[in-house]
Amino acid sequence: MAKPAGWRREPARHALAAKGVRTKRAGSANPISKSMDAPSLHSQAWILARRTQDAYSFGMYYDLEGWADISEYLLGLGFSERATEGILRSKHMRWAYDTEGKTDEYLTPTQFKKYFKKNWEKISVMLHQDLEIDVDEIPLPEP
């Protein structure tokens, strides 16, 4: 009997198939958990912070660590990377500094969160109109 094509790559699979046992190809198996392959929220926030450090308001938030904290906060609320990047690059980051910050100081992530909670409606309108992101699925931040 001739060996089936591919038997050298997957001999165990073909041995089982010869006995009538159905198997899946090794490359087509679903991973047990997709979250194992996905980056953690913290690392995802840092990647996004580095990608957006050229945003207009970046310098008002002291350093990359503060910017990453805000990114992690937004991702933790359930925003997608695209929505988080849209917020980080938006006029709301400047308005948060103007509203909550002092003119001679940097804005802290805590001050941004305070602005974000007070102005959620305006931010959601911006996300919907400018970025066409459906914000109905995103839970409102706690007041």
Q: Look through the stretch 60-80, keep the residues that are in contact with a helix residue (DSSP H, G or I) (Cβ under 6 Å, 6 or more places away or on another chain) and of a type in the set (D, E), and return whichever of them is farthest from D134 (Cα to Cα).
A: D69
(Q) Restricting to the stretch 45-94, name every residue that is crowded, with 19+ Cβ neighbours inside 10 Å and among the polar types (S, T, N, Q). (A) T52, S57, S71, T84, S90
Q: Return the pairs, sorted by first residue and then second, in which the second residue is surrounded by 15 or more Cβ atoms within 10 Å (Cβ to Cβ) and at pLDDT 90 or above, the first residue lies in the stretch 37-54 and is closer than 22 Å to S90 by Cα and β-branched (V, I, T), the beta carbons are less than 7 Å apart, and the residues are 6+ apart or on different chains.
A: T52/E85; T52/L88; T52/R89
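Just give me the residues in the stretch 95-115 being part of a loop (DSSP other than H, G, I, E, B) and buried (at least 19 other Cβ atoms within 10 Å of the Cβ), in sequence order.
Residues of the stretch 95-115 part of a loop (DSSP other than H, G, I, E, B): 101-108.
Answer for the stretch 95-115, where residues must be part of a loop (DSSP other than H, G, I, E, B) and buried (at least 19 other Cβ atoms within 10 Å of the Cβ): just L107.
The values are calculated or read from the model by the stated rules, or taken from the named source; none is laboratory data. A quick note: this is a predicted structure, and the numbers were derived from the prediction, not measured. Using ideal geometry, Cβ is built from the backbone for each residue, glycine included, and neighbour counts are taken over all protein chains shown.
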